[in-house]
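Notes follow once the structure below has been shown.
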Amino acid sequence: DITETKAAQVSVKKVGMLFSQLFQNSPMAVVMLDERGTVVEINQGFEKLFGYTNEELKGKGLNPYIVPDELEAEGNDLNSLISSYQVIRIETVRRNKKGELISVILYGVPVHMDDRTIGIFGVYVDITERKKVEE
């Protein structure tokens with residue numbers, strides 16, 4: 001029945017549009033990584049917070065760009081945790097394109113399909129001002 005096929009196509013298109021709009025318009029910095037940890041896409045919030053464009057990061061590892069040298073081991077550990085099915089939440093520091101340090105809460109969320117990790121979402125919440133007030 002062609003009616004059911006059309007309805008399914010519309011439903012898939014709608015879900016795709018809803019996800020795309022949520023991803024792109026989120027006020028938080030969001031990066032989508034593939035299962036190897038390379039950048040698939042970043043949203044506008046990520047561009048605003050870190051100063052990099054999607055073209056600059058797409059297909060590359062994220063850590064060399066935003067993880068400070070002294071936290072390199074932490075960045076590698078997080079990639080390992082996330083790819084082993086664990087959702088993580090940590091307060092840490094990242095570096096923007098200008099070299100400035102930014103205090104963030106980082107959420108790492110693995111995406112699974114058929115019992116394997118197919119991608120990772122990294123969500124960064126800027127808490128720099130809160131940290132300044134606390135100090």
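The values are calculated or read from the model by the stated rules, or taken from the named source; none is laboratory data. Remember, it's a predicted structure, so these values are computed and weren't measured experimentally. Don't worry about glycine lacking a Cβ; one is built from the backbone with ideal geometry, like all the others, and counts go over all protein chains shown. Ligands, DNA and RNA are stripped out before the accessible areas are found, and what is left, the full protein with its side chains, is counted by its heavy atoms. Shrake-Rupley method; radii C 1.70, N 1.55, O 1.52, S 1.80 Å.
Some points to look at:
- Filtering segment 54-73 to residues that are without any contact (Cβ under 8 Å) to a residue 12 or more places away in the chain and either surrounded by 13 or more Cβ atoms within 10 Å (Cβ to Cβ) or not in a helix (DSSP H, G or I) (or both) leaves only E56.
- Residue match in segment 77-85 (condition: within 19 Å of L57 (Cα to Cα) and either open to solvent by less than 90 Å² (accessible area, probe 1.4 Å) or assigned to a strand (DSSP E or B) (or both)): yes
- Number of residues in segment 13-33 that are in a helix (DSSP H, G or I) and under 27 Å from Y107 (Cβ atoms): the value is 12.
- Top-ranked residue in segment 1-23 [being at pLDDT 80 or above and of a type outside the set (A, V, I, L, M, F, W, C); ranked as farthest from R94 (Cα to Cα)]: T3
- For segment 86-112, filtered to residues that are polar (S, T, N, Q) and assigned to a loop (DSSP other than H, G, I, E, B), the residue that is least open to solvent (accessible area, probe 1.4 Å) is N96.
- Taken residue by residue, segment 32-45 has at least one member that is in contact with a Pro (Cβ under 8 Å, 6 or more places away or on another chain) and over 16 Å from I120 (Cα atoms).
- Checking G51, G37 one by one, the residue that is open to solvent by less than 50 Å² (accessible area, probe 1.4 Å) and under 13 Å from the mean Cα position of the chain (by Cα) is G37 and no other.
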